[in-house]
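The values are calculated or read from the model by the stated rules, or taken from the named source; none is laboratory data. From a predicted model like this one, the values you see are computed outputs, not experimental measurements. Quick reminder, even Gly has a Cβ in these numbers, built from the backbone with ideal geometry, and neighbours come from all protein chains shown.
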Amino acid sequence: MTIRRAFRLLPALALLVAVTPAAAADPAFSARAEHGGLVVDATISRAASGPGRDVPLRAGEAVTVRFAVSDLSGKAIGGAFPSGWMVLSGMGSPMAGNPDARCRRVLASLQVSSLPDQAEVDLNTFLVLVLNEDATISVVDPRGGFGGTRLLGLVALDGVGEDWVQLPDQERLAVTVPEANAVDIVDMRAWNVAVKHLEIGNRPQRLALQPDRAFLWVDTVDPATGVAQLVAVNADTLAVAGRVSVGSGPHDFAFSGDSRFLFVANAGAGTVGVIDLGTFAQVAELKTGPRPVSLVYSDLANAVYVADAEEGSVTVIDGRTHMMRARIAGAPGIAQIGFEPAGRHAFVVNPQAGTITIIDSALDRVINTIDSALAPDRVTFTSTTAYVRQRTSANVMMLPLDQIAADPAKVPVFGFPGGSRPPATEDWPSPAPPIAPVAGDRAVLVANAGDREIYYYQEGLAVPMGSFSNYKRVPRAVSIVRRDLRETAPGIYETNASLGRPGNYDLVFRLNQPPFYHCFPLEIAPASLRQAQRPPRIAPAAPFEAATAGHPVSLDFVVTDVTTGAPVGDLTDLTVLVMTPAWQTRKVAAPLGGGRYNVELAVPMPGLYAVVASSADAGIDYQPMPALNVVAQQ
């Protein structure tokens, strides 16, 4: 699926192009376009330090694309909301001597809805991340379309991921892995656990980034004493900055909007701790109920709202005095409390009681209770709607937020089918959200564990627009990585991207207001001599016999050139991934000569194991091996 804003084709503009000084340190590409009093400087910089502009950009490289927009005096033009693409030059007609007309033709082609994937690299899109129950993260490119989604990466974690958060640089993802006693840091450019493993304590579960994005907070258990601790990690350097002892968990976090205080719910201790973020010291501990499980801070009310699962109450703690200012009675069984974006109304979902309770923070009392016999257990918000997942139904409830302000007693309830199977059929609950809003759209993604699919729903429709495949893995949570152009400084718009296949390109830039467009010529070289050709073919050397669970099995296969049939025998990075939904292992294949390779491994349990392979040198990206499935017997 390609998500683009519709645009009006602009009148022809005569543009002047000139090479300009770099807008970023040592860019590999830079160019300038001027017209009508506007100046656009385009640069492309490599993500990793290395060769400068004298070395061509190569296919598959991770880069930062940046556009600086200003007037002729150099004054930055902010708030412009540009769009950008990289398209192969053959997409436009070859209008010799008229590059402006050719650029308009490229833009017209991008506008055609029946050709959504004309751009090799879309600078206006997003990626979908799926936290799976098999200790992986799926990285999905939605541009492939519903049912044809492209799997960009499959990140192997040290164990099953529990919770996650994107770090401020938008290049790294932190994931708690309780069984490995670690926080895995995933490189969101290369999509692997290549940056760092943080071993900061025993069984980390929850993590959260404070509003000023200075520190990442993780809950752990001291292995020597068994005392629960919160660990502060510098979000830039990933160094441990402090530790605070708290009550026993499970825990939930909420921060004051000014990043002065962290509130932590200690479910096992029946308390809420208040931590001073300037001193990393606990300054108060309040008894709020027998089992506080969820809390949320409202800047509008300057208070934290604490939901107790055992007695069903919501306790309101004043953000300034840290004193309890109200207690709102309710039914036992609360799963979550959350505030809509304006911070006025809190939603309390209770699967045991079958209710969604709405609290007005201006009054600190309940203004409406909506019944559902289908166990509502999670709530997620867009700017217009509250989305409520129901444990025993695939139907997702929708509550329009504007109706709550107009007449809270008459809130209409809508819904849509978020799949075919209810979450309770095969759910691996995670504290991370199973429903995620899509940036820039009134839309959400819904992870359906039973269907092993991610559904895309856009507001105003009766059913989802379609679904993205999760490749037979059970999703625990879903999130979005933005890859659209965003203003990072006045007049500076940039995003991270991976370059497409080799060829001559147009780097297309467009503004609606003020009106401006241009196509910058760009060349992308092959990543290697081998990548200038089609990727090799991988096939079994001979049919595989059934393996025995727990005993070694030897996999022999051959790699050949798809054009000549010649053996490809010099691959040193050929990696084989053998997996089931519940288990996986990776092995670097040993070359045997003559294009033959071998992997030896032992599978732990009976079943059917799928096998895929990857090689950066050969341009093989998680290529399935035809007829290469391993069957393990008891």
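Looking across the range 36-56, the residues that are at pLDDT 90 or above and either more than 25 Å from Pro514 (Cβ to Cβ) or of a type outside the set (S, T, N, Q) (or both) come down to Gly37, Leu38, Val39, Val40, Asp41, Ala42, Ile44, Ser45. Being among the charged types (D, E, K, R), modelled with pLDDT of 95 or more, under 31 Å from the mean Cα position of the chain (by Cα) and surrounded by 15 or more Cβ atoms within 10 Å (Cβ to Cβ), is that true of even one residue in the range 268-288? No, the range 268-288 has no match at all.
Residues that are over 21 Å from Arg243 (Cα atoms) and in contact (Cβ under 8 Å) with a residue 40 or more places away in the chain within the range 266-292 comprise just one, Pro292. Residues to consider are Gly450, Gly419; find the one that is out of contact with any helix residue (DSSP H, G or I) (no Cβ under 8 Å at 6 or more places or on another chain) and assigned to a loop (DSSP other than H, G, I, E, B). Exactly one of Gly450, Gly419 is out of contact with any helix residue (DSSP H, G or I) (no Cβ under 8 Å at 6 or more places or on another chain) and assigned to a loop (DSSP other than H, G, I, E, B), namely Gly419.
Which ones in the range 289-299 are buried (at least 20 other Cβ atoms within 10 Å of the Cβ) and more than 32 Å from the chain's Cα centre (by Cα)? Selection gives Gly289 alone. Taking first residues from the range 491-508 that are within 21 Å of Val69 (Cα to Cα) and partners that are hydroxyl-bearing (Ser, Thr, Tyr), the Cβ contacts under 7 Å between residues at least 6 apart in sequence or on separate chains come to Gly491/Ser70; Glu494/Thr64; Glu494/Thr488; Asn496/Thr64; Asp506/Ser89.
Only strands (runs of 3 or more DSSP E) whose full extent lies in the range 86-205 are considered here, and the ones with at least 1 residues that are at pLDDT 90 or above and basic (Lys, Arg) are 172-177. For the range 395-420, taking the residues that are touching a residue at least 24 places away in the same chain (Cβ under 8 Å) and not hydrophobic (A, V, I, L, M, F, W, C), the one that is farthest from Ala436 (Cα to Cα) is identified as Pro408. Within the range 352-409, the set of residues being outside any strand (DSSP E or B) and farther than 26 Å from Ala301 by Cα comprises Gln352, Ala353, Gly354, Ser372, Ala373, Leu374, Ala375, Arg391, Thr392.
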